[in-house]
Structures are given as structure tokens and as C-alpha cells.
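I have placed the structure first, in the form of C-alpha cells, so that the comments after it can refer back to it.
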Amino acid sequence: MNVLVTGVAGFVGFFLAQRLLADGDSVYGIDNLNDYYDVSLKKDRLAQFDQAANFTFEQLDLADRAGMERLFQTQAFDCVVHLAAQAGVRYSLKNPHAYADSNLIGFVNILEGCRHTQVPHLVYASSSSVYGANRQIPFSVADSVDHPVSLYAATKKANELMAHAYSHLYNLPTTGLRFFTVYGPWGRPDMAYFKFVDAIANDRPIQVYNHGKMERDFTYIDDVVEGVARTMRHIPQPLDCPEFNTQAPYKVYNIGNHSPVELMTFIETIEQALGKTAEKIMMPMQPGDVAATFADVDDLMADVGFKPSTPLAVGIGKFVDWYRDYYGIG
């Protein structure tokens, strides 16, 4: 397959591109290389593809309508995996327009490109954030997600609605993937696990929000990529998604470890991997944050025969090994 991967210099996009190339697919990757976090990390990810024969990179912004139209007019894609987005719950409080440009306008440009070139399947990243303050555990794709508690979450919910409209109107098969707290080597520096490891390794205190009374369904990057790779090849058909009461070729899955971990246990796991104890500063809950996430992955297991299962200690150990090597810390 010739696959368009947006956000290819990002965390998930980087690993997915590696997987697709190993499977014998061709990857056309785009990324705007913005400075939301360290651009050198993004460039170092891209450098891993320098010798890849079937990899093409173009620096392109999703919100560049003319550039996106040209891309779809000049390339033929068997599948589009749309991972590019302005990420981060807390940053959406500071720079809301970045979310409108990338996550809304950019997504329209993706949908239009897929529609006009009859792309066989669009797979796109949603987020566990769409569940907001949902109290029903575990989170099911059939649950109501009409009350997001951050702008970031609202844009991801909007993406699901926009995708359904295009599936319904133009018979475009779309699959949305609600990722649950993805972590691992080459990860995003704005994520809590990265910040914790960086602070503890450098003898700085860590901030523990909601006084540690939080749970997250941490999902290792290899499991996320496996889920994406399998759903790419499972093209939704009409009537495949009865939980949304739709006849469109539309589907949404959770991709999570189905095993939430308490925040203090998570920190202890990091401390054990580093061999150091953290100085902790207890903080209140941050605006837009939620107390717990927990993925119901029954649909994923039923349709593609896979559910994430990497133990937290294994995944954190691999991240710490990468962190020490990348930053030259013994």
C-alpha cells in the first residue's frame, strides 16, 4: 500500500511509519514541524528514515488548503492515517486558535482530499479526552461524549462528527481511534511520564496533580501501532457501527491498555526504573483534566483480534533506557 501518514515526525506517526515500511508498504509522510515541543526531537525521529527506500517526507501544514489540495492531486493513496493535530489539554487553554487551525480546518482539508480522490480508507486519531468527566467505567465507544471539558477534547469529538458526515454523504470509510495516554521511547516531552523522568533524573521536584488521586490507562507505543496497523486493514462497511445508530461505513475504537494505574503507583514505577526517589509537590486538579480514564477494548478485540497488553513496568523501563541513551545520562 501507499500510505499517507500525517504527523509523521510526531510520536505515533514516527513509529507507525517504521512499522509500515517494515511491512513492505510505502509511506508518504507530512508534518509542519511546529515548535509546540522540541523541534530537534522531531528532526531526530525523521533522521531515522534517511536510508529508507520507500519513505518520502514533505513539510506541509494541514491548514494550508492549496498545499493539501496539491498533495492529494499529485499522489494516489491506498490509505490515509491522519495523526497530525495540535495536542495537549492544558495548551488549549493558552492557544485555542492553534487547535482550530490544525484540528478543525486541517481535518476538513484531509476529508476533502480523501473525498475527491476516492481514498479507500481514512484512519484518524481521536482521543480518550472525548469522554470528559464520564463516570461510567470502563469507557465504551457507545457512551455519550457530548460534554467535553477542554477545547482539545471538543476538537477531537468534532473530528468524529465530521468524519461521520463524510462517511454518510460520500460513502468514505472512516475509522476513528481514541488513544489512551500513549507512552514509550521517542515520546512527547509535554507528557507527564516524560516530565517526571526528566525531573527525577535531574534532581528536580515533580508536580503531582489532584494530590495523586488520579488514574490513567497508560498504553505502550508498540500496542498503539499494532492497533493502528490492524484497523487500517479492517475497512468499515455500512451497518458496522450499530452503537452509533448509523448505516455509514464508519467505526470508532478505543485503543487503551484496559488496565488503569493510579498516579502514585505510576510514579513509583518510574522511581524504580531510575533507581531514584522523586521529590513531590502536591497540586490541585488542573483545568480541563479528568480524574480517571479506562478503555473498553471489546470492539477492537472482536473486529481485529487485538488488545494492548504491555505491562507498565516493561514500557517505562524501555522509555527510561531510551531517555538515558538519547540525553547521554548514565
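What do the square roots of 5 times the Cα gyration tensor eigenvalues come to for the chain, in whole Å, largest first, as semi-axes of the equivalent ellipsoid?
With the √(5λ) rule applied to the chain, the semi-axes are 31, 23, 18 Å.
Between the helical axis of 106-116 and the dominant principal axis of the chain, each derived from Cα atoms, what acute angle in degrees is found, rounded to the nearest 10?
It works out to around 30 degrees.
Past the 21 Å Cα-Cα mark, which pairs from K42/K157; K42/K251; K94/K195; K156/K195; K156/K213; K42/K280?
Where the Cα-Cα span goes over 21 Å, the pairs concerned are K42/K157; K42/K251; K156/K195; K156/K213; K42/K280.
Run the numbers for A165 and A313: contour at 0.36 nm per residue of separation, minus the present Cα-Cα distance, in nm.
Gain in length upon complete extension: 49.2 nm.
Once you order the gyration tensor axes a ≥ b ≥ c over the Cα atoms, which shape class does the range 138-203 get: rounded for a/c under 1.5, otherwise prolate or oblate by comparing a/b with b/c?
prolate
Given the -39500 (n - 2.57) contribution per DSSP H run of 4+ residues, what per-residue ellipticity at 222 nm results for the chain, rounded to the nearest 500 deg cm²/dmol?
Value at 222 nm, helices only: -11500 deg cm²/dmol.
How much area per residue is accessible in the range 247-330 when the probe is 1.4 Å and only protein heavy atoms are counted (Å²)?
In whole numbers, the range 247-330 has 47 Å² accessible per residue.
Once neighbouring chains are kept in place and the probe is 1.4 Å, which whole percent of the accessible area of the chain is contributed by carbon and sulfur?
49
From the Cα gyration tensor of the range 42-111, with a ≥ b ≥ c the square roots of its eigenvalues, which class applies: rounded if a/c is under 1.5, or else prolate if a/b is larger than b/c, or else oblate?
Cα axes put the range 42-111 in the oblate bin.
What number comes out for the charge environment of C241, summing +1 per Lys or Arg and -1 per Asp or Glu over other residues with Cβ under 13 Å away?
Residues close to C241 contribute a combined charge of -4.
Let's test this: bin the Cα-Cα distances of the range 120-237 at 10 Å from zero up to the farthest pair and state each bin's percent.
12, 34, 35, 14, 4, 0
According to the square roots a ≥ b ≥ c of the eigenvalues of the Cα gyration tensor, what is the shape class of the range 133-172, taking rounded for a/c under 1.5, prolate for a/b larger than b/c otherwise, and oblate for the remainder?
oblate
Give the whole-number value, in cubic angstrom per residue, of the convex hull volume spanned by the C-alpha atoms of the range 178-328.
116
In nm, what is the difference between 0.36 nm times the number of residues separating R115 and D303 and their Cα-Cα distance?
Length difference between fully extended and current span is 65.2 nm.
Which whole-number value in Å² is the accessible area per residue of the range 90-164, probe 1.4 Å?
43
Which one, H147, P189, G227, is farthest towards the positive end of the dipole of the range 135-265 when Lys and Arg carry +1 and Asp and Glu -1 on their Cβ?
Most positive-ward Cα: H147.
Please state, to two decimals, what the Cα-based radius of gyration of the range 38-166 comes to when divided by 2.2 N^0.38 Å (N = residues).
Ratio of Rg to 2.2 N^0.38 Å for the range 38-166: 1.17.
For E271 and R233 in one chain, what is 0.36 nm times their gap in residues minus the Cα-Cα distance, to one decimal in nm?
9.8 nm
Can you report the principal axis dimensions of the range 265-326 using only the alpha carbons, biggest first, rounded to whole angstrom?
44, 34, 20
Give the calculated FRET efficiency between N34 and A133 to the nearest 0.05, with a Förster radius of 30 Å applied to their Cβ-Cβ distance.
Using R0 = 30 Å, I get an efficiency of 0.55.
Based on the mean of other beta carbon atoms within 10 Å per residue, what is the order of 193-199, 46-52, 172-178, most packed first?
Highest-to-lowest ranking by the protection proxy: 172-178, 193-199, 46-52.
The values are calculated or read from the model by the stated rules, or taken from the named source; none is laboratory data. Keep in mind that what you see is a predicted model, and the values were worked out from it rather than measured. Virtual Cβ from ideal backbone geometry, glycine too; neighbours counted across all protein chains shown. Side chains are part of the model used for accessible areas, which takes the heavy atoms of the whole protein and leaves out ligands, DNA and RNA. Shrake-Rupley method; radii C 1.70, N 1.55, O 1.52, S 1.80 Å.
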